[in-house]
Amino acid sequence: MTAPDQIGSVTPVRRRPYGLLLVATPVLLVAWLVIWPIISAVIQTAFVTTPDGGSAVSLETYSFFFSDGYSLSNLSMTLWTTGVCAALLLVVCLPIALYLRFSDSKVAAYVQGLAIFPMFVPSIILSFAFIRVLGPNGTVDLLLNSVGLPHIRSPYLTPWGPVIGLVWDNIPLTVLILLSGLGNVSNQAVEAARDVGAGKLALLWHIILPRISNSILVAISFAVLGIFSAFTLPYILGPAAPEMMGPFMQRTFRELLEPKTAITQAVVTFGFCIVFGLFYVRSVAKNRAA
Amino acid sequence: MSVLKIKDVSKIFPNGTTAVDSFSLDVADGELVCLLGPSGSGKSTLLRMVGGFETPTSGLMTIDGEDITRVPPEKRPTGMVFQSHALWTHMNVFKNLAFGLKLRKVPADEIKRRVEGVLELVGLGGYGTRSVTQLSGGQQQRVALARSLVLEPKILLLDEPFASLDQHLRERLREEVRDIQQRLKITTLFVTHGQDEALSMADRIVVMRDGKTEQIDRPDVVYREPQTPFVAGFIGTMNLIEGVVSNGVFSKAGYATPLPVSDGPVTLAVRPESLDLSAVSQGSQGKVHRVTDYGTHGMVDLELLDGTRVKAMVPHPDLFKPGQGVTLAPKAIAAYRDGRVIHRTGVVATTAHPALVDA
Ligand SMILES: Nc1ncnc2c1ncn2[C@@H]1O[C@H](COP(=O)(O)OP(=O)(O)O)[C@@H](O)[C@H]1O
Ligand SMILES: [Mg+2]
């Protein structure tokens, strides 16, 4: 800064556009890659070509989607899978996170490693591992047969296939988010609760859960967003019909060659995801305010 | 009527640290005992064992004769006040206090009555609906104290509850806690590493070092008749001079004083207020290094001929100048050998702990 007079006169004019430019790049990218496809998808599905060549506003494709039994059963299948996965994730991950937070044994480090491990396994590999282990004539089956027990009813190609895969896939993120929430619960707050007479259940219910309710909301929103529009796991592990929205869209587009129907399905999926997203935004905002 | 007995309790952590080593203590009904010691001396570990948060490796603890050694904290008749961060921030003040009572299925109107009574007692009447995060540090610790008191525990445990507060507030809360404790006549174990806190609050002080007891006595006795050089050096200001006795005379680098003990190495202990100084021009035993005037009195830092530092309290600091030669005349001394006191003379009945002014 050798010439203050020059800088003093130049900066107010020059710096402002630079700053705007920096912000503009990501904004434009988001607009181009996210906002525009959404708008265009909504526009494409909201207009029909009239016989005389013009176009008119029509919600025909949506009314088809919401009156078509197959589409609806796919949607409810997706909602069911998402709900069951979210519930199972909580049931599985909360104890793991509680153990990791409050145990001071050396085993905890290994458990944490194990819990995070699924993050490094691509879902395609996970799918085939699943088939090898739980599929017909998989490891579990062979083991049972070798000791003279009957075949298992494999979850492969049933609605439970994607559920098991998706839960496994989402354990790391859920555990990590819950664990970070539990980091805010101080040891002394927990010990003070035990001191006034709180047993394990009262401690969990009155002290720990209220303190991590936000983290639970965030963890569930994250998991639900991913699961609702999942593709690979439901495609490989799930039943042919009804199917989850991900494989459904892909099949409508590729095999039935009905792009407009596929886009409609995408917009509906997006609509649900936005509701979950709003949950997430709300809980983050609440967190900030607190 | 609650009596706490701790007998031969030890705690060895899994990593091999011996935090508490065969510790024994009886706390009488309504008594306030301070555990005093430097950081790492095992005070918190001992308190946490009494509260049930750590299990002793060996030993026995009883409250009113009932063995509580392995009883979990939620079933113990003890109440603990932690250093900080122990309030439940998702509950307001009233709910923090009411939680324990609700767990005990106390009827709602009685909960209300008891909570309000205790809030009044700790000087927070009408604060029930406040969020605990809106309170100052001192108010938060009052709430923490009230939360324990409202359950009427047999033994109250406090682990450096004022450590995170500023000096002024600490002194005020110290008095308040002492008042409340005496009013409720509640048996109390108080952990601190601050000697002034222990001296001003305790009925008895337990000086701890490396998990062991150094001395258990009334505050004035601990101050005037420390049993070990460690206690002597830890409580108040004490000059500890290492020297040798031969033929009944202690000597150290030109300084000599009669000391009727057997020959051998000795640690001589003299409080600054028990050490008279005279300015001399010849035959000096030491040299003034610095003079500090505190208004009510002065403190002279002096050096013996070999550089050993000694402090002396003087009524007229203006009589001494840096570099000046002085002679020393101790009014009361103690002598230690092998960590035990072997001789003590002229216990002076001084006013309350004057050496604490600069502590
Ligand atoms: N959970 C623990 N595991 C291992 N060592 C511990 C644990 N808690 C305390 N210690 C050790 O025990 C000793 C006494 O600690 P503590 O009771 O906290 O001392 P104080 O409260 O007097 O400062 C220290 O050396 C400390 O490092
Ligand atoms: Mg401590």
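Working from Cα pairs under 8 Å separated by at least six residues, relative contact order for segment B:2-224 is 30 percent. In segment B:229-356, taking the dipole from charged Cβ atoms about the Cα centre, the farthest positive-side position among B:His289, B:Pro330, B:Thr345 is held by B:Thr345. Think of each Lys and Arg Cβ as +1 and each Asp and Glu Cβ as -1; about the Cα centre, that makes the dipole of chain B roughly 800 debye. In whole percents, the pair-distance distribution calculated for the protein assembly as shown from its alpha-carbon pairs, binned every 10 Å from zero, is 3, 11, 15, 15, 13, 13, 12, 8, 5, 3, 1, 0, 0.
Volume per residue for segment B:155-250 equals 124 cubic angstrom (convex hull of Cα atoms). Considering only B:Phe13, B:Leu46, A:Ser40, the residue lying farthest towards the positive end of the dipole of the protein assembly as shown is A:Ser40, judged by Cα position with unit charges set on Cβ.
Each listed q (0.22, 0.32 Å⁻¹) maps to a log10 I(q)/I(0) for segment B:34-85 from the Debye sum over equal C-alpha point scatterers, namely -0.89, -1.34.
Assign unit charges at the C-beta atoms only (+1 for Lys and Arg, -1 for Asp and Glu), then state the dipole size of segment A:125-201 relative to its Cα centre in Debye, rounded to the nearest 20. Walk me through the numbers on the way to the answer.
Working: 4 positive and 4 negative charges, 31 e Å.
Charge dipole, segment A:125-201, about its Cα centre: 140 debye, nearest 20.
Quick one: ranking B:Lys252, B:Lys43 by accessible area, 1.4 Å probe, largest first, what do you get?
Numbers: B:Lys252 45, B:Lys43 10 Å².
Accessible-area ranking of B:Lys252, B:Lys43, largest first: B:Lys252, B:Lys43.
The mean accessible area for residues of segment B:1-99, using a 1.4 Å probe and ignoring ligands and nucleic acids, is 39 Å² per residue.
Taking amide H as placed 1.01 Å from N in the peptide plane, B:Lys11 has its amide H under 5 Å from the amide H of B:Ala19, B:Val20, B:Asp21, B:Ser22, B:Thr57, each at least 5 places away in sequence or on another chain.
Contact residues in segment A:152-190 (at least 50 Å² less accessible area with all protein chains than alone, 1.4 Å probe): A:Gln188.
In the complete set of protein chains, residue-level accessible area for B:Val291 is approximately 40 Å², probe 1.4 angstrom.
Give, to the nearest whole percent, the P(r) tail of segment B:229-356 beyond 20 angstrom, counting all Cα pairs. Could the numbers behind the result be given before it?
Working: 3426 of 8128 pairs.
Tail of the P(r) past 20 Å holds 42 percent of the pairs.
When you restrict to C-alpha pairs under 8 Å that are six or more residues apart and normalise by the size of segment B:229-356, the relative contact order lands at 26 percent. Computed from backbone phi with θ = phi - 60° and the Karplus coefficients 6.51, -1.76 and 1.60, the 3J(HN,Hα) list for segment A:62-76 is 6, 5, 5, 4, 7, 10, 6, x, 5, 4, 5, 5, 5, 4, 6 Hz; x is used for glycine and proline.
The amide H of A:Thr158, built 1.01 Å from its N in the peptide plane, has no neighbour under 5 Å, considering only residues 5 or more places off or on other chains.
The accessible-area loss of segment B:92-111 on complex formation, taken against its chain alone with a 1.4 Å probe, reaches 50 Å² or more at B:Phe99, B:Leu103. For the residue pairs B:Lys7/B:Lys105; A:Lys286/B:Lys95; B:Lys5/B:Lys112; A:Lys106/B:Lys75; B:Lys43/B:Lys311, the alpha carbons lie more than 32 Å apart in B:Lys7/B:Lys105; B:Lys5/B:Lys112. Remark: accessible area buried at the A-B interface is about 1700 Å², both chains counted, probe radius 1.4 Å. Remark on B:Leu259: its backbone amide H falls under 5 Å from those of B:Val249, B:Phe250, a criterion applied only to residues 5 or more positions apart or on other chains, H modelled at 1.01 Å from N.
Take A:98-107, A:143-152 and order them by the average number of nearby Cβ atoms within 10 Å per residue, most first; the result is A:98-107, A:143-152. Each stretch of four or more DSSP H residues adds -39500 (n - 2.57); spread over every residue of the protein assembly as shown, this sum gives -14500 deg cm²/dmol at 222 nm. The base-10 log of I(q)/I(0) for segment B:1-63, evaluated at q = 0.11, 0.15 Å⁻¹, reads -0.24, -0.44 [Debye formula, identical scatterers on Cα atoms, solvent excluded]. With the largest listed first and rounded to whole Å, the semi-axes of the equivalent ellipsoid of segment A:210-290 from the Cα gyration tensor are 32, 14, 6. The phi-based Karplus calculation (6.51 cos²θ - 1.76 cosθ + 1.60; θ = phi - 60°) puts the 3J(HN,Hα) values of segment A:255-267 at 9, 8, 6, 10, x, 5, 5, 4, 5, 4, 4, 5, 5 Hz, whole numbers, x for Gly and Pro. The calculated FRET efficiency for B:Asp179 paired with A:Met119, based on their beta-carbon distance and R0 = 51 Å, is about 0.35. Across the options B:Gly37, B:Asn239, B:Pro107, the greatest Cα extent toward the positive end of the charge dipole of chain B (unit charges at beta carbon of Lys, Arg, Asp, Glu) belongs to B:Pro107. On segment A:56-289, 70 percent of the accessible area sits on carbon and sulfur atoms, based on a 1.4 Å probe.
Relative contact order, whole percent, for chain A stands at 23, derived from Cα pairs under 8 Å and 6 or more residues apart. On the principal axes of its alpha carbon atoms, segment B:2-224 extends 45, 37, 33 Å, with the longest extent given first.
Label sites at B:Asp64 and A:Leu143, each approximated as a point 7 angstrom past Cα along Cα to Cβ, lie 5.5 nm apart.
The residues A:Phe253, A:Phe65, A:Phe276, sorted by heavy-atom accessible surface at 1.4 Å with ligands and nucleic acids left out, run A:Phe253, A:Phe276, A:Phe65 from largest to smallest.
So with the 1.4 Å probe, I'd like the accessible area per residue for segment B:138-219, rounded to whole Å². Present the calculation step by step, with values, prior to reporting the outcome.
On the way: 3200 Å² over 82 residues.
On a per-residue basis, segment B:138-219 sits at 39 Å².
Here the accessible area of segment B:229-356 is 54 percent carbon and sulfur, with a 1.4 angstrom probe and all protein chains present. Rounded, prolate or oblate: pick one for chain A, where a ≥ b ≥ c are the square roots of the eigenvalues of its C-alpha gyration tensor, a/c under 1.5 means rounded, and failing that, prolate if a/b is larger than b/c, else oblate. Oblate, since a/c reaches 1.5 and b/c is not below a/b. Computed about its Cα centre, the charge dipole of the protein assembly as shown is approximately 620 debye, with only Lys, Arg, Asp and Glu carrying charge at their Cβ. Per residue, chain A exposes 58 Å² of accessible surface when a 1.4 Å probe is rolled over the protein heavy atoms with every protein chain present.
Counting Cα-Cα pairs of segment A:138-257 in 5 Å increments starting at 0 gives whole-percent bin shares of 2, 10, 13, 12, 11, 11, 10, 11, 9, 7, 3, 1, 0, 0. Of the solvent-accessible surface of segment B:2-224, computed with a 1.4 Å probe over protein heavy atoms with every protein chain present, carbon and sulfur atoms account for 48 percent. Build a GNM of chain B with springs between Cα atoms under 10 Å apart, and of B:Leu169, B:Leu275, B:Leu124 the one that fluctuates most is B:Leu169.
The values are calculated or read from the model by the stated rules, or taken from the named source; none is laboratory data. The model shown is predicted, which means the values in this text are computed figures rather than measured ones. Note that we place each Cβ from the backbone using ideal geometry, even for glycine, and neighbour counts take in every protein chain shown. Each accessible area value is taken on the protein alone, full model and side chains, heavy atoms only, with ligands, DNA and RNA left out. Shrake-Rupley method; radii C 1.70, N 1.55, O 1.52, S 1.80 Å.
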